[in-house]
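Trainee: Before anything else, here's the structure in question.
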Amino acid sequence: MNDLISNINKLHTTDMGLIRIKRNLNLDTDNVINYCKKLILDKNCNINKRGKNWYCELNNIRITINSYSYTIITAHIL
């Protein structure tokens with residue numbers, strides 16, 4: 001189990017990050033953190049660490065997370 005999964009409850013984002021993720025993923029929910037957690041915890045999610053960030057990819061979505069603070073930086077549709 002990687003550090004991201006074992007620290008999933010530390011996942012958070014900023015106010016600006018919340019707006020950016022909702023816009024980039026066309027989300028109609030205010031619970032962006034739970035949406036991202038669900039994707040990350042999916043058994044088919046591809047998680048890898050490059051430099052200071054975790055990159056989680058599932059269903060043509062990439063979530064970028066700072067590996068030190070567990071802050072969701074952004075998310076994009078690939």
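No lab work stands behind these numbers, since they all come straight from the coordinates. Predicted model only: the values in this text are computed from it and were never measured. Cβ atoms come from the backbone with ideal geometry, glycine included; neighbour counts cover every protein chain shown.
Trainee: Can you sort Leu58, Leu4, Leu41 by how many other beta carbons sit within 10 Å, fewest first? Mind showing how you got there, number by number?
Mentor: Values: Leu58 17, Leu4 20, Leu41 13.
Taking fewest neighbouring Cβ atoms as first place, the list is Leu41, Leu58, Leu4.
Trainee: Take the Cα atoms of the chain, find their three principal axes, and give me the spread along each one in whole Å, biggest first.
Mentor: 31, 24, 21
Trainee: Roughly what angle does helix 15-25 make with the longest principal axis of the chain, taking Cα atoms, 0 to 90 degrees, to the nearest 10?
Mentor: 80 degrees
Trainee: Would you work out the relative contact order for the chain, in percent, from Cα pairs under 8 angstrom that are 6 or more residues apart?
Mentor: Relative contact order of the chain: 31 percent.
Trainee: Pick from Asn53, Asn44, Asn34: which is most flexible by mean-square fluctuation in a GNM of the chain where alpha carbon atoms under 10 Å apart are linked?
Mentor: Sorting by GNM fluctuation, first place goes to Asn44.
Trainee: I'd like the orientation of helix 32-41 relative to the chain: the angle between its Cα long axis and the longest Cα principal axis, in ° from 0 to 90, rounded to 10.
Mentor: 40 degrees
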